[in-house]
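Some notes on the structure that comes next.
The numbers here are math on the coordinates, done by the rules we state, and not lab data. What you are looking at is a predicted structure, and each value in this text was computed from that prediction instead of being measured. Glycine also receives a Cβ, built like all others from the backbone with ideal geometry; neighbour counts cover every protein chain displayed.
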């Protein structure tokens, strides 16, 4: 699906089904130097189970026009405009990594619009290691290698994959290469600079789920605690689920477990 | 690459794509010899068919043993994934039929194996796909042969049987300037000697029957995707960028901008054409790949010695081996194949067909057969076997004479190989000498 947001073209993947705004809407936000395709499995799963799924390519990523937005706050504003353009009043918002910060900020900024919040591979604040930040600015190949090294379990480094015949690290490297030269640096810069995460978490009231991968080295489980605690205003507290045998790239490494966890959270009574 | 790069080829050859079997802890890759897979429930079945869960529904489409092979070759080649097929020819057929249809066109090197050449020259035209053959050494020929309807450039990393070295960076640049991909048959080099995707090729195919397996027991083919070619931006590949009625109206490029090609192969070519690899063959090829880095080093060492030995023989008119300084592509080979120019070479006996016959029939260690890439040394006479359907002019253009012999140098002790070749050369010299 193609929309115009703030005068720029935005591509939105809808999980293989036509967008039907009458159904409950869930927005899935990708992370740094990624596009909608990281969400393929989960989007198709939710779309076949009664959800209208919106998986946008963020500005300057994938098929969406414009330049990447340089701050998490700007991306949250953009998400509000995207929902307006899609004619969606309320939606569940899920995000992975950088996308989780956008989801968090948006849930705090538009409390009446977020029905549920799902944060995958999320910590707040989200400082980015200096060698990675500097490589993203000067040596993209080195930055991509570091991201693959820290995002995937050793089994994936060795080429094993839940998806028959696919090399997950190879796929991720090419996906990052496809984004424009400055995209990774801008995205990581936005994550690194975002200081409002804990304050945003404190303002969140809608049901919230944290998905933490057991072997995440980018946003390790032990570092999630401050964010989890800051989500104290959430009714019944934020839930936290561990995804076994997966790294930060849990969407790709544990597509079933992640899809099941999201669907189960969205449909619970 | 930095310290964060992938494991080395020796490690990948042993481990890539596999971790100890979660069911029973088997260290070796189990052979999942099954045609079908039990669905735990109806929703799971629907989910698999909707591509919302990864998994296996039918061995015609994917199989856990074959998937290990696919992921292993992909890791070794530096690709985003691979598809295992019944043979190298099936891999070539699937690559072409996934990218194009009737009315389209291929530009191919004229130095191809006999079966590939036949498919392109005689069989595919019946289905409306034409091929122009070019001298692989002439960039201008590649460039001039491209037409508006061209959808693929194709060559072998090492030509057959003249061992022309494909200038992959140059030909890839020509292809990309015209928004079409380059497919390279890397059977003779294997990822241990060259990784064509790192040199600019977009797709790689292997006849896994040869060096990858090494044992000559299992026929199989592999197709690896670099994930670099931008199908959407090219605009020439509607099979990858427009909804496909045969699979939920999926637009493969929209679904996965990077893996669109592999998705289409998995969703169309495998189910419809049915050229899947047997899991047993996948297992056997995996067994071979485990020792590939060791074997290729030994193959190359023997081939270098054999090539040098042949150059010193008075009844050998010429030896085609890019590792020799006399080969026209020697400089290119040192650049693109720094670890060795493979283990296949050809040479021309001065005595023509009769000398070739005497040579082959007196060999005791080399086996006379049409394949290459076995651990055992092989010899063939292209003009009477693999390339017998070529006209005299086409033979000459491909550098094949009546006295041309092709060797695939194996892993026997080099002294035994030299002694065997000397036996053949002596027999041939008696023909030459009258």
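Given the range A:39-81 reduced to its alpha-carbon atoms as identical point scatterers, what log10 I(q)/I(0) does the Debye formula return at q = 0.14, 0.33 Å⁻¹?
At q = 0.14, 0.33 Å⁻¹ the computed log10 ratios are -0.42, -1.06.
So if I take the centroid of the Cα atoms in the range B:252-327 and the same for the range B:212-239, what is the distance between those two points in Å?
Between the Cα centres of the range B:252-327 and the range B:212-239 lies a distance of 13 Å.
Could you work out how far helix B:352-362 tilts from the main Cα principal axis of chain B, as a 0 to 90 degree angle to the nearest 10?
Between helix and principal axis, roughly 80 degrees.
Just need log10 I(q)/I(0) for the range B:357-434 at q = 0.13, 0.16, 0.20 Å⁻¹, Debye formula, equal scatterers on the alpha-carbon atoms, no solvent, rounded to two decimals.
Debye curve over Cα of the range B:357-434, log10 I(q)/I(0) at q = 0.13, 0.16, 0.20 Å⁻¹: -0.42, -0.62, -0.89.
Where does helix B:279-289 land angle-wise versus the long Cα axis of chain B, in degrees 0 to 90, nearest 10?
That works out to roughly 50 degrees.
If you average the C-alpha positions of the range B:360-398 and of the range A:67-119 separately, how far apart do those two centres end up, in angstrom?
66
Using a 10 angstrom cutoff on alpha carbons, build the Gaussian network for chain B and name the most mobile of B:81, B:221, B:352.
Fluctuation is largest for B:352.
GNM, chain B, Cα, under 10 Å: largest mean-square fluctuation among B:22, B:322, B:64?
Between B:22, B:322, B:64, it is B:22 that shows the largest mean-square fluctuation.
Once the Cα gyration tensor of the range A:1-40 is found, what semi-axes does its equivalent ellipsoid get, as square roots of 5 times the eigenvalues, in whole Å, sorted largest first?
The three semi-axes for the range A:1-40 are 18, 15, 9 Å.
Is it possible to state the helix-based mean residue ellipticity at 222 nm for the protein assembly as shown, with each DSSP H run of 4+ residues giving -39500 (n - 2.57), the sum divided by total residues, to the nearest 500 deg cm²/dmol? What is it? Spell out each step's value before the answer.
Details: 31 runs with 275 residues, N = 703.
Counting only the DSSP helices, I get -11000 deg cm²/dmol.
Could you work out the Kirkwood radius for the range B:163-207, taking every pair of different alpha carbons, averaging 1/r and inverting it, reported in Å?
On the way: mean 1/r = 0.0942 Å⁻¹.
One decimal place: 10.6 Å for the Kirkwood radius.
Taking the radius of gyration and the Kirkwood hydrodynamic radius from Cα positions alone, what is the Rg/Rh ratio for the protein assembly as shown, to two decimal places?
For the protein assembly as shown, the value is 1.03.
Using the alpha carbons of the range B:234-324, what is the convex hull volume per residue in cubic angstrom, as a whole number?
210
Quick one: in chain B, what % of C-alpha pairs are over 28 Å apart?
Everything past 28 Å amounts to 49 percent.
Fewest to most neighbouring Cβ within 10 Å: what's the order for A:77, B:167? Please report the intermediate quantities before stating the final value.
Numbers: A:77 18, B:167 22.
Neighbour counts put them in this order, fewest first: A:77, B:167.
In percent, what relative contact order does chain B have, based on Cα pairs under 8 Å that are 6 or more apart in sequence?
It rounds to 16 percent for chain B.
Mind sorting B:364, B:376 by how few other Cβ atoms lie within 10 Å of their own Cβ, fewest first?
B:364, B:376
Given that compact globular proteins tend to follow 2.2 N^0.38 Å, what is the ratio of the alpha-carbon Rg of the range B:293-432 to that value?
That works out to 0.99 for the range B:293-432.
Find the relative contact order for the range A:181-232 and round it to a whole percent, using C-alpha pairs within less than 8 Å whose residues are 6+ positions apart.
44
Using a 10 Å cut-off around each Cβ of peptide B:247-255, what is the average number of partner chain Cβ atoms that fall inside?
3
To the nearest 10 degrees, how steeply does helix B:168-177 sit against the main Cα axis of chain B, on a 0 to 90 scale?
Tilt relative to chain B: about 50 degrees.
Chain A: D in µm²/s via Stokes-Einstein (Kirkwood Rh, Cα pairs, 10 °C, 1.306 mPa s)? Present the calculation step by step, with values, prior to reporting the outcome.
Working: Rh = 18.1 Å.
It diffuses with D of about 88 µm²/s by this estimate.
Please give the direction-averaged projected area of the C-alpha convex hull for the range B:195-277, in square nanometres with one decimal.
Directional mean of the projected Cα hull area for the range B:195-277 stands at 6.1 nm².
Evaluate the relative contact order of chain A (contact order divided by residue number), counting alpha-carbon pairs under 8 angstrom at least 6 apart; express in whole percent.
It rounds to 20 percent for chain A.
How would you rank A:71, A:100, B:391, going from fewest to most other Cβ atoms within 10 Å of each one's own Cβ?
Fewest-to-most Cβ neighbours within 10 Å comes out as B:391, A:71, A:100.
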